[in-house]
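The values are calculated or read from the model by the stated rules, or taken from the named source; none is laboratory data. Here the structure is a predicted model, which is why all the values come from computation and not from measurement. In this analysis, Cβ positions are derived from the backbone assuming ideal geometry, glycine residues included, and neighbour counts consider all displayed protein chains. Protein only, heavy atoms only, side chains kept; ligands, DNA and RNA dropped before computing areas. Shrake-Rupley method; radii C 1.70, N 1.55, O 1.52, S 1.80 Å.
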Amino acid sequence: AQARGGRAAREGRGGTGETGGAASSGMDPPSAAGLGGADPQLQRFIEVETQKQRFQQLVHQMTELCWEKCMDKPGPKLDSRAETCFVNCVERFIDTSQFILNRLEQTQKSKSAFSESLSD
């Protein structure tokens with residue numbers, strides 16, 4: 001019953017939007033928990049697909065950035081300067097992305113530890 005209520009709330013949010021505000025504020029956490037309890041395979045599938053989408057977005061951003069930075073004039077072959085530039089660009093993009101993710105993780109952990117210490 002809880003999973004059906006969550007599904008109805010999500011469908012209502014996609015409609016006119018009037019019920020979406022009330023449904024999203026009061027129904028999202030219980031429906032997500034209800035869905036996870038009812039079908040963990042579906043929840044895992046959604047997580048995997050979301051990760052795939054994020055990865056594709058990162059690849060797209062990296063490709064666009066490095067192409068603009070390194071490609072002076074397209075030709076039949078990639079010269080050594082452009083190839084070196086692409087390699088460096090991709091490596092810096094990956095390093096930067098990893099640094100940002102690590103920093104966000106640390107920030108989240110700090111906030112969690114701070115809120116836990118306040119509740120004690």
Scan (1) open to solvent by 100 Å² or more (accessible area, probe 1.4 Å); (2) part of a helix (DSSP H, G or I) for the single condition VAL87 breaks and write down its number. (1)
Can we say SER97 is among the polar types (S, T, N, Q), in a helix (DSSP H, G or I), in contact (Cβ under 8 Å) with a residue 12 or more places away in the chain and out of contact with any Asp or Glu (no Cβ under 6 Å at 6 or more places or on another chain)? yes
